[in-house]
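Working notes, structure below.
Every number in this text was worked out from the coordinates using simple rules, so none of it is lab data. In this text the structure is predicted, and so the values were computed from the model without any measurement. Here the Cβ positions follow ideal geometry from the backbone for every residue, glycine too, while neighbour counts run over all protein chains shown.
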Amino acid sequence: MKLRNIITGLALLAAVSVSAQYDLNAAAEEYKTEVEASIKKMNGNDKHNSGPEPFKEFIAKFSTDENFMNERIALDAAAREKYADMLTPSTFTAKLPVIADNNGTEDVYYQIWDEMQFHTVHLNCCWDGVLENNIIFMKKNGKWYLDSITE
């Protein structure tokens, strides 16, 4: 009897574990569609890609050239220090969903292009649909800059 209870308990635990993993995978697939749509829009011919410095050209260079990136970060010294781990070129791209460790639990992490206007573009960094950071780019005097990062 005791052995049967143990086996039943283990089977139930395994079923719950598989169910939780399935939910994470389903969420990742859902977010993947959103991220891909945001990449398509970011690369489109909307207002943010007009003018002498289209955003898509700016972000391509910003996310690969560290010197250019550092020239175009308009954060004060305190913000630069606070977000130092984020201020690397590879941070500033949309990222397809991945299941990763989020302070001891597995969640879906992704980055998505959000608001895209003539003078403003937002890159949202999210854990399982919850915004962790909003990276805001602004156009000033015809050039794009990383203007702020919010939590």
Discussion item. 7 Å from Cα along Cα→Cβ at both Glu29 and Thr88: what's the point-to-point distance in nm?
Written reply: 3.2
Discussion item. Checking the a/c ratio against 1.5 first, then a/b against b/c, what shape does the Cα gyration tensor give for segment 23-81?
Written reply: oblate
Worksheet item: How many lysine pairs are close in the chain, with Cα atoms under 18 Å apart and the two 8 or more places apart or on different chains?
Response: 21
Item to complete: Would you mind checking the radius of gyration and Dmax of segment 50-106 based on alpha-carbon positions, in Å?
Response: 14.3, 45
Discussion item. Under a crude label model (7 Å from the Cα following the beta-carbon direction), how far is Lys143 from Asn103 in nanometres?
Written reply: 3.8
Discussion item. Along its three principal axes, how long is segment 110-151 when you only count alpha carbons? Whole Å, largest extent first please.
Written reply: 36, 15, 10
Discussion item. From the P(r) of the chain, could you give the percentage of C-alpha pairs in the tail past 28 Å?
Written reply: 32
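At a Förster radius of 30 Å, what calculated FRET efficiency corresponds to the Cβ-Cβ distance of Ile73 and Leu131, to the nearest 0.05? Walk me through the numbers before you get to the answer.
Numbers: r = 21 Å, r/R0 = 0.69.
So, using R0 = 30 Å, E works out to roughly 0.90.
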